[in-house]
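To start, the structure under review is shown below, and the notes come after it.
Nothing in this text is a laboratory measurement; each read-out follows from the coordinates by a stated rule. Bear in mind that the values here come from a model prediction, so they are computed numbers and not experimental data. In this analysis, Cβ positions are derived from the backbone assuming ideal geometry, glycine residues included, and neighbour counts consider all displayed protein chains.
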Amino acid sequence: MSDIAKRLERQASACETMGSPFTATLLREAAADARREPQLTVVLAPLSNCARPGLHLAGALHCLALLGEPALARHYPSTGGDGNARGAWTTARTMLISTPSTFAPLLARIPQTNEPARSMPLLAAFSWLSKRFEMPLRLREIGASAGLNLRFDRYRYDGETWQWGDAGSPLALRNRIVAGRPGNVDARIIVDDRIGCDLNPLDATKEEDRLRLTSFVWPDQAERLERLRNALSIARDFPVRIDAEAFATWLPREGLPRRGALTVVFHTIVEEHLSLSAKSELAATISRLGDGASPEAPFACVRMELDDGRYRTCLQVWPNPTDPMAICESDGHAQGITWAISA
């Protein structure tokens, strides 16, 4: 259990860095108790096989608060509580030990974070591609979750010196910018079709799936919660197909270049959830698809993934690929953006 405690502490540090002191404190308290309470050790033992046990635990507790568990809800900011993370953990520890069966299915859920703010780097990439190729886009998202970023063109974007999208959209993205501005935001973007795949896709029309996504947003991040709720409201009225399938079988079928359109495969913060062999397979599959591109049927890959401590969004095009072109750097929620391209 000392390993679980260390991993909970690492996640706490990440939450603190990314602006959630509530979740950071909650997980540090959990880590301390995981070292000294044998009964809690038994309850948390299944998390030892999880890539990010802290996200499992935090999401399970937030879910119960959102469902109206009063002893937790009175401490969670997202439910109008007092924001006392230590009080929340004291309550949660008692519940975990006394009613472990309540938590088992919640702890087992795979964390899903479908952050719509990542659509801003994607918009910049799609704008650049539309300007260069002047062709309709065929969008193919890997690890799409509920497909919120596939609906990027249903949002409004408010930069300091630029705007894009429907002024009447329920969701306005005002990502924090460090430097620069995206280039080619005046390009005409036409989406021919859009689909995605995910091993465990979520449906924005289902209350259970909306709750799941909300529970994995940190409860003291009000802006993120509002973004998600607005994106989900848009998604309910604008259906997108998300196939429950692994990329290894889905992408060779759905990602083939097609004449008269630019096929764009994209993924945001997917690779860190893959094994080394799966990451290699993804890169090889995309390269093979690119090899089938032509001037009449071009192909592109847009990826937002962790690179040396920062999340970098870059793109690569086929035929005749060159090194990937940088779009921007940011954190995992697409905040603190430094644009690498300019108008």
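Is the range 2-107 rounded, prolate or oblate when judged by the Cα gyration tensor, a ≥ b ≥ c being the square roots of its eigenvalues, rounded requiring a/c under 1.5 and prolate requiring a/b larger than b/c?
Values: a/c = 1.62, a/b = 1.15, b/c = 1.41.
Since a/c reaches 1.5 but b/c is at least a/b, the shape of the range 2-107 is classed as oblate.
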Take Ser169, project a point 7 Å from its Cα along the Cβ direction, then tell me which residues of the range 135-161 have their backbone nitrogen under 13 Å from it.
-> 148-159
The set of residues whose placed amide H lies less than 5 Å from the amide H of His75, leaving out same-chain residues fewer than 5 positions away, is Asp82
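Rounded if a/c is under 1.5, else prolate if a/b is larger than b/c, else oblate: which is the range 188-247, with a ≥ b ≥ c the root eigenvalues of its Cα gyration tensor? Numbers along the way, then the final one.
On the way: a/c = 2.03, a/b = 1.37, b/c = 1.48.
Taking the square roots of the gyration eigenvalues as a ≥ b ≥ c, the range 188-247 is oblate.
Subtract the Cα-Cα distance of Ala246 and Arg288 from 0.36 nm times their separation in residues, and report this length gain in nm to one decimal.
On the way: separation 42, 0.36 × 42 = 15.12 nm, distance 1.70 nm.
Stretched fully, the Ala246-Arg288 segment lengthens by 13.4 nm.
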Taking a label point 7 Å from the Cα of Arg259 along the Cα→Cβ vector, which residues of the range 273-316 have an amide N closer than 20 Å to it?
-> 289-300
Any idea how far apart Ile190 and Lys131 come out in nm if each label point goes 7 Å out from Cα toward Cβ?
-> 1.9 nm
Once every Cα of the chain carries one equal point scatterer and solvent is ignored, give the base-10 log of I(q)/I(0) from the Debye formula at q = 0.08, 0.13 Å⁻¹, two decimals.
-> -0.40, -1.00
Rounded to one decimal in nm, the spacing of the 7 Å Cα→Cβ label points at Thr90 and Ala32 is 1.2 nm
Would you pull out the residues with amide H under 5 Å of Thr268's amide H, same chain only if 5 or more places away, H placed 1.01 Å from N?
-> Met304
Choice from Thr94, Thr79, Thr23 showing the highest fluctuation, given a GNM over the chain with Cα pairs closer than 10 Å | Thr94
Computed helical MRE - 222 nm, the chain, DSSP H runs ≥ 4 contributing -39500 (n - 2.57), nearest 500 | -13000 deg cm²/dmol
Toward the positive end of the charge dipole of the chain, about the Cα centre and with charges on Cβ (Lys, Arg +1; Asp, Glu -1), which of Ala293, Ser330, Leu72 goes farthest?
-> Leu72
Dipole in debye (nearest 20) - the chain, about Cα centre, beta carbon charges: Lys, Arg +1; Asp, Glu -1 | 120 debye
Report the extension gain between Ser277 and Thr17 in nm, rounded to one decimal, defined as 0.36 nm multiplied by the number of residues separating them, less their alpha carbon distance.
-> 90.6 nm
With the chain treated as a Gaussian network of Cα nodes joined by springs under 10 Å, which of Ala24, Ala284, Ala172 yields the largest mean-square fluctuation?
-> Ala284
Alpha-carbon centroid distance for the pair the range 151-206 / the range 23-41, whole angstrom = 39 Å
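What is the dipole size for the range 2-107, taken about its Cα centre, with +1 at each Lys and Arg Cβ and -1 at each Asp and Glu Cβ, in debye to the nearest 20? Intermediate values should be presented prior to the final figure.
Numbers: 10 positive and 8 negative charges, 37 e Å.
Magnitude of the dipole: close to 180 debye.
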A correct Karplus calculation of ³J(HN,Hα) over the range 43-58, with 6.51 cos²θ - 1.76 cosθ + 1.60, θ = phi - 60°, whole Hz and x for Gly and Pro, returns 5, 8, 3, x, 6, 4, 8, 8, 5, 9, x, x, 5, 4, 5, 4
With label points set 7 Å from each Cα along the Cα-to-Cβ direction at Asn49 and Arg229, the distance between them in nm comes to 3.7 nm
Förster radius 22 Å - calculated FRET efficiency between Arg156 and Arg181, Cβ distance, rounded to 0.05 = 0.85
Under a GNM of the chain (C-alpha, springs under 10 Å), which listed residue has the highest mean-square fluctuation: Ala246, Ala204, Ala60?
-> Ala246
